[in-house]
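> Here it is, the structure, as structure tokens.
Just so it is clear, none of the values below were taken in a lab; they were calculated from the coordinates. All figures in this text were calculated on a predicted structure; none of them were measured in a lab. Here the Cβ positions follow ideal geometry from the backbone for every residue, glycine too, while neighbour counts run over all protein chains shown.
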Amino acid sequence: MPEPVALPETVPVMPLSGILLFPNALLPLHIFEPRFREMLAHALDDQRMLCIALVRSQRESWQSSDDFFPVSTVGLIRACVGRSDGTSDLILQGICRVKFSDFKQEQPFPIARIQPLKTHTTLSVETDALAAKVLEFYSRLKKEGRELPEKVDRYLNEMSDPEMLADLVAATFVNEPARRQKLLEELDLNQRLRLLIQYLREENG
């Protein structure tokens, strides 16, 4: 799992419909739009970081920063393969929750000034019980053949980090974008775990 990474003051933003990134999770992306090709070149020349921002559901596409949520995750470009047609495939790894404080530019792609967001729960007996319930749900999903990659699976079962557990399970098994965004924005860990259990129950039976 990743070592702590120093965050820059500004990061390019890729607003997408229905897609967002969680800390510690991996997200494959195909970059083909000209403005996002430009954004990718900017990120690769700079810190190899970018944010994925969820476009608000009532917007068909984004025109300005009002059209997407201000809480996001900074992702580190772990791998990038350029194609002969100018498109690229990349793997982003989530690093840290952030909030956009303002924008250095909005077009052709946004560049946001970011503030890191910290989870603020003191670990307690309740945290352990909630995390155990999430693991119980995950065990049930595994029996249905819905498993995380072997390395992550092994790590989860030995896990002593309930925050990472919540983010990896949310990234993999919660499908509804508004719920994913709510889990991303919830900074109280116990409440995040409660929401996660509720959503797992509702979406997975």
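> Taking the Cα centre of the chain as origin, work out the dipole magnitude from +1 charges on Lys and Arg Cβ and -1 charges on Asp and Glu Cβ, in debye rounded to 20.
Details: 25 positive and 30 negative charges, 38 e Å.
That gives the chain a dipole magnitude of about 180 debye.
> Once you place label points 7 Å from the Cα toward the Cβ at residue 35 and residue 137, how far apart are they in nm?
Here the modelled spin labels are 3.5 nm apart.
> Give me the lysines in straight-line cross-link reach of residue 143: C-alpha distance below 25 Å, same-chain residues under 8 apart excluded.
Reachable lysines: 133, 151.
> Find how much the distance from residue 81 to residue 63 grows on full extension, using 0.36 nm per residue of separation minus their present alpha carbon separation; answer in nm with one decimal.
Working: separation 18, 0.36 × 18 = 6.48 nm, distance 2.80 nm.
Gain on extension, residue 81 to residue 63, equals 3.7 nm.
> While we're on this one: Just going by the charge dipole of the chain, with Lys and Arg at +1 and Asp and Glu at -1 on Cβ, which of 131, 76, 114 is farthest out on the positive end?
Most positive-ward Cα: 131.
> If I take R0 = 25 Å and measure r between the Cβ atoms of residue 103 and residue 48 in this structure, what FRET efficiency does the formula 1/(1 + (r/R0)^6) give, to the nearest 0.05?
Details: r = 21 Å, r/R0 = 0.82.
Rounded to the nearest 0.05, the efficiency is 0.75.
> Say each of residue 202 and residue 124 gets a label point 7 Å from the Cα, pointing the same way as Cα to Cβ; how far apart are those two points in nm?
2.4
> Over region 84-127, what is the relative contact order in whole percent, taking alpha-carbon pairs under 8 Å and six or more residues apart? Walk me through the intermediate numbers first.
Values: 34 pairs, mean separation 13.3, N = 44.
Relative contact order comes out at 30 percent.
> Shifting gears a bit: May I ask you to list the lysines whose Cα is less than 30 Å away from that of residue 104, ignoring any residue fewer than eight positions away on the same chain?
118, 182
> How high is the relative contact order of the chain, given as a whole-number percent (alpha carbon pairs under 8 Å, six or more residues apart)?
Details: 346 pairs, mean separation 46.1, N = 205.
So the answer I get is 23 percent.
> If I compute volume of the Cα convex hull per residue in Å³ from the structure I just sent, which labelled value in (i) 112; (ii) 130; (iii) 145 lines up?
(ii)
> Packing-wise, with mean Cβ within 10 Å as the measure, how do 192-199, 131-138, 54-61 rank, highest first?
Details: 192-199: 19.9, 131-138: 17.2, 54-61: 13.0.
Ranked from most to least packed, the peptides come out as 192-199, 131-138, 54-61.
> Another question, then. Taking region 56-145 on its own, what percent of its Cα-Cα pair distances exceed 20 Å?
Working: 2603 of 4005 pairs.
When every Cα pair of region 56-145 is considered, 65 percent fall beyond 20 Å.
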